[in-house]
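The values are calculated or read from the model by the stated rules, or taken from the named source; none is laboratory data. Keep in mind that this is a model prediction, so the values were computed, not measured. Heads up, the Cβs are rebuilt from the backbone with ideal geometry, glycines too, and the neighbour counts pull from every protein chain shown. Calculation scope for accessible area: heavy atoms of the full protein, side chains included, ligands and nucleic acids excluded. Shrake-Rupley method; radii C 1.70, N 1.55, O 1.52, S 1.80 Å.
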Amino acid sequence: MTLLPDAAWRHLPGLDRLLDALGAAEGDVRFVGGAVRDTLLGLPVKDIDCATRLLPEESSRRIAAAGFKAIPTGIAHGTVTALLPSGPVEVTTLRRDVATDGRRAVVAFTDEWREDAARRDFTINALSADPSTGAVHDYFGGRADLDAGLVRFIGDPLRRIAEDHLRILRLFRFHARFGRGSPDPAAIDACIARANDLMALSRERVADELLKLLGVADPAPTVRLMHDSGIFRPIIPEIDGDGVARLDRLIAREAIAGTAPDALRRLGALLPPDPVIAAAIAQRLKLSKAATRRLEQAASGIDDAPRALAYRFGAEVAADLLLRGERPAEALGLDTLDGWERPRLPIGGGELIAMGLKAGPVVAATLQAIERRWIAEGFPGDARVAELAAEAMAQAGRDRR
């Protein structure tokens, strides 16, 4: 029998008290999902999820009796969140699906562990572990699939996708993160056959899943597989082979430059290098205004010194432009942006008027000319700005004649 390795998260303050209250000794609660999977793989665990045979009302009562706040975060689906000193722990009653339409499910509660595991998407996500003994319960061969680097649907892939269309994108995301070698043929065939189902999903869900995929260490091979398989066509048809090549190049340049992966930057590389198109796709995906503006600006292809770009667009977009540009990746100068604060032009229109410039549109034009030279010279101090102002005012006088 496989045992769950000891890990730091299993000793978080309050966790044992919570488990005791939920009936760990009686076998009424288990660790489930990513906490089990990632611990078996020796990976850091971000979220702790538990499943229980207790009904939600009883879970809530016991959580409160143990001294923790119980929040009914998804009570209709059996989920109660326990707020421990170390953070939230989700506690969900065992469930079975009653009806599904590809976007949401109607569930009924059960006390059968296997029945609950059977409604999960992939074998590697259906593992559970007894918190008292550490025994790992594996009903569908998930442990062997973990060892093989195989992401495989539980049961009939077509049926699982019909239950929740988002599982198409999840298949590729989990393959990018955990897969090794070729993906499961039956899973890929089902995703290709049902790709048009993605059109029924909200754009927010599509964007969230896509950004999670792009945030893994190297999603490029998986993204290429998605493109070649026609997965993007129903949702972002603008992604083409050139976009996949740009993503591949960007990931290589991130590694050379020592820059952490950035999902939004990588999405920008996938999209056509056209600000109007990039903004339109971002709006279609219901991204935030800030994310939309970032994708739009990064698609401009503007090249300049790192701090000049950061002054104009901010540090994030500056990094996007540099990493997507043509400069050698080992000499982008991204380190010059660490801790750098955007300076303020040390002269204003009022000072130009006081120096003799006539009020009107010429003031703004002269300020812009001063600012362009100030940026190009690396933001010099007051003395040099005064010289630049004098030269700009002289030029403005000549232009008026």
Pick from ILE256, ILE188, ILE161 the residue whose mean-square fluctuation is largest in a GNM of the chain, springs joining Cα atoms under 10 Å. ILE256
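For a quick protection proxy, order the peptides 241-253, 116-128 by their average other-Cβ count within 10 Å, most packed first. Walk me through the numbers before you get to the answer.
Numbers: 241-253: 17.7, 116-128: 23.2.
By packing density, highest mean first, the sequence is 116-128, 241-253.
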How much area per residue is accessible in the chain when the probe is 1.4 Å and only protein heavy atoms are counted (Å²)? 47 Å²
If you keep only loop residues by DSSP, which GluC sites (Glu not before Pro) in the range 302-401 have at most 16 other Cβ atoms within 10 Å of their Cβ? GLU326, GLU341, GLU377
Using only Cα atoms, tell me the angle between helix 167-178 and the longest principal axis of the chain; keep it within 0 to 90° and round to the nearest 10. 80 degrees
Gaussian network model of the chain, Cα within-10 Å springs - most flexible of THR366, THR93, THR39: THR366
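Using a ≥ b ≥ c from the Cα gyration tensor of the range 273-319 (square roots of the eigenvalues), is it rounded, prolate or oblate, where a/c under 1.5 gives rounded and otherwise the larger of a/b and b/c decides, a/b for prolate? Show your work: numbers first, answer last.
On the way: a/c = 3.88, a/b = 1.87, b/c = 2.08.
Cα axes put the range 273-319 in the oblate bin.
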Taking amide H atoms as placed 1.01 Å from N in the peptide plane, list the residues 5 or more away in sequence, or in a different chain, whose amide H sits under 5 Å from that of LEU4. ALA135, VAL136
Just reorder SER182, SER132, SER59 by solvent-accessible area, largest first, 1.4 Å probe, all chains present. SER182, SER132, SER59
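As an exercise, use a Förster radius of 22 Å and the Cβ-Cβ distance of THR73 and GLU115 to find the FRET efficiency, rounded to the nearest 0.05. Mind showing how you got there, number by number?
Working: r = 23 Å, r/R0 = 1.02.
Here the calculated transfer efficiency is 0.45.
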Taking 0.36 nm per intervening residue step and subtracting the Cα-Cα distance, what contour gain separates ASP228 from ASP147 on full extension? 26.5 nm
Across the range 71-84, in residue order, what do the Karplus-derived ³J(HN,Hα) couplings come to in whole Hz, using 6.51 cos²θ - 1.76 cosθ + 1.60 with θ = phi - 60° and x for Gly and Pro? 10, x, 5, x, 4, 5, 9, x, 9, 10, 9, 9, 8, 8
Listed residues VAL91, VAL106, VAL151, most fluctuating in the chain (Gaussian network, C-alpha, under 10 Å): VAL106
Calculate the translational D of the chain in whole µm² s⁻¹ from Stokes-Einstein, where the hydrodynamic radius comes from the Kirkwood formula applied to all Cα pairs, the temperature is 10 °C and the viscosity 1.306 mPa s. 64 µm²/s
Please report how far the C-alpha centroid of the range 338-358 lies from that of the range 368-400, rounded to the nearest whole angstrom. 10 Å
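When averaged across all projection directions, what area in nm² does the alpha-carbon convex hull of the range 113-196 cover? Walk me through the numbers before you get to the answer.
On the way: hull surface 22.2 nm².
Averaged projected hull area, Cα only: 5.6 nm².
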On Cα atoms only, tilt of 241-257 relative to the major axis of the chain in degrees: 80 degrees
Which residues among the range 56-72 fall inside the zone where the amide N is under 19 Å from a point 7 Å beyond the Cα of ALA108, along Cα→Cβ? 56-57
Quote the accessible area belonging to PHE140 in square angstrom, nearest 10, computed with a 1.4 Å probe and with ligands, DNA and RNA left uncounted. 50 Å²
If you roll a 1.4 Å probe over the range 3-148 with all protein chains in place, what percent of the accessible area is carbon or sulfur? 52 percent
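Assuming a ≥ b ≥ c are the square roots of the Cα gyration tensor eigenvalues, decide whether the range 28-135 counts as rounded (a/c under 1.5), prolate (otherwise, with a/b larger than b/c) or oblate. Before the final figure, lay out each step's value.
Numbers: a/c = 1.58, a/b = 1.04, b/c = 1.52.
Oblate, because a/c is 1.5 or more while a/b does not exceed b/c.
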May I ask you to compute the full-extension gain from ALA263 to ALA331, defined as 0.36 nm times their residue separation minus their alpha-carbon distance, rounded to one decimal in nm? 22.2 nm
Points 7 angstrom from Cα along the Cβ direction at ASP240 and ARG342: gap in nanometres? 3.4 nm
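Rounded, prolate or oblate: which fits the range 271-401 when a ≥ b ≥ c are the square roots of the eigenvalues of the alpha-carbon gyration tensor, with rounded for a/c under 1.5 and prolate only if a/b beats b/c? Write down the numbers at each step before the final one.
Numbers: a/c = 2.64, a/b = 1.80, b/c = 1.47.
It is prolate, given that a/c is not under 1.5 and a/b is the larger ratio.
Based on the Cβ-Cβ distance of ARG61 and SER202, what FRET efficiency does E = 1/(1 + (r/R0)^6) give at R0 = 35 Å, to the nearest 0.05? It would help to have the intermediate numbers written out before the result.
Values: r = 35 Å, r/R0 = 0.99.
So the FRET efficiency works out to roughly 0.50.
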Counting helices only, and only those DSSP H runs with n ≥ 4, report the 222 nm mean residue ellipticity of the chain as the sum of -39,500 (n - 2.57) divided by its residues, in deg cm²/dmol to the nearest 500. -14000 deg cm²/dmol
With θ taken as phi - 60° and the coefficients 6.51, -1.76 and 1.60, list the Karplus ³J(HN,Hα) couplings across the range 264-269 in order, rounded to whole Hz; mark glycine and proline as x. 5, 4, 5, 4, x, 5
